[in-house]
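Have a look at the structure below before the remarks.
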Amino acid sequence: MPTVFKPLRRACADSVVRCFSPHHRRCRRAFTLIEIVVALGVFGLAILAMIGLFLPAAKSVTANAEAEAASRVAEALLTRLRALPLDTVGSYLKTEAQLQTENARPDYNPATDDKVFFASLAGDKIGRRSETAIWTNGNVDKFFEIALVRNATLSPEPASSGTGSSASASVDPSALWLAFTIRVRWPMFQPTAAGGAVQVGALPTARVPFDHSQKQVLFFAGSVRR
C-alpha cells in the first residue's frame, strides 16, 4: 500500500476506536433538557391541532342529530294537530307580522306564550306550557320551541265584520283546510347540574333580556283538513 494512505487509514481507525470507547466524552453525549422540552412542545402542538380538527366534526354530528330530531318533532306535532278541530288549530296560529314583531322585541319570552308548543329532544313530550300534565319535570324537558305561522297565501285570515263571534274567528267557516308553517327553534332550555333548567339566551338584567340569535331554526310546511 502506498505510504501516503497509511496515515489516513490510521487516523480513521483511531477515530472509530475513540468513538466506541466508553471513556470518550463526545460519544457519550445524551439529549439535553432543552431538547426534551422542545420535543414535548412540538408533540403537544400536534395533539392540539388534531383535537382542533375533531371538535368541529363532533359539533356537526350533534347539529345533524338535533336537526333530525326537530324534523321528527314537527311530524309528531302535525299528526296531533290533524286530530283536532280546524278551529282549534286556527287558534294556535300566528300571522307572519306577529312573528316578525316578536322577533324584533328584546323582551319577548316564548316561555310565557300560550300559542307556543314545546317538545323534548326525544320527541316523546309535546305540548303547550298550560299542559302541565306533560311537563312534570318543569322546564327540564323543553328543548324545542315550536310556533305555527299561518300561510296567508293559501289560508288567508277570515274577513272580520267587527261584531259578533265572526270578529274573532280564526278560520274561515267555509275553508276546507288550513295551511301553515311550523317553525322549530332550539335549544329552549338546558338542564343544570342542580336538576333544574335555564332558559337559553335569557339575561333579565341585560339590554336584551331574551336573545334568540344563537338558536338553531328550521321550518316545515304543514296543513290540516276540516
- Item | Those residues of segment 121-148 which are surrounded by fewer than 19 Cβ atoms within 10 Å (Cβ to Cβ), closer than 22 Å to residue 220 by Cβ and not charged (D, E, K, R), in sequence order | 121, 122, 123, 127, 134
- Within segment 196-226, work out how many residues are surrounded by 11 or more Cβ atoms within 10 Å (Cβ to Cβ) and closer than 30 Å to residue 174 by Cα. 7
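What are the residues in segment 54-92 that are among the aliphatic types (A, V, I, L, M), at pLDDT 90 or above, in a helix (DSSP H, G or I) and exposed (fewer than 13 other Cβ atoms within 10 Å of the Cβ), if any? Show your work before the answer.
Within segment 54-92, the first condition is being among the aliphatic types (A, V, I, L, M), and the residues that meet it are 55, 57-58, 61, 63, 65, 67, 69-70, 73-74, 76-78, 81, 83-84, 86, 89.
Checking which are at pLDDT 90 or above leaves us with 65, 67, 69-70, 73-74, 76-78, 81, 83-84, 86, 89.
From what's left, in a helix (DSSP H, G or I): 65, 67, 69-70, 73-74, 76-78, 81, 86, 89.
65, the sole residue that qualifies.
Go through segment 93-106 and count every residue that is part of a helix (DSSP H, G or I) and of a type in the set (D, E, K, R). Lay out the reasoning, then the answer.
The first filter runs over segment 93-106 and keeps only residues part of a helix (DSSP H, G or I), leaving 96-104.
Checking which are of a type in the set (D, E, K, R) leaves us with 96, 102.
Total meeting the criteria: 2.
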- Mind checking whether some residue in segment 126-148 is within 26 Å of residue 67 (Cβ to Cβ), in contact (Cβ under 8 Å) with a residue 24 or more places away in the chain, among the small types (Gly, Ala, Ser) and not in a strand (DSSP E or B)? yes
- Item | Condition broken by residue 104, with the remaining ones in (1) within 19 Å of residue 181 (Cβ to Cβ); (2) surrounded by 11 or more Cβ atoms within 10 Å (Cβ to Cβ); (3) among the small types (Gly, Ala, Ser) satisfied | (2)
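The values are calculated or read from the model by the stated rules, or taken from the named source; none is laboratory data. What you see is a predicted model, and the numbers here were worked out from it, not measured in a lab. Here Cβ is always computed from backbone atoms with ideal geometry, including for glycine, and neighbour counts include all displayed protein chains.
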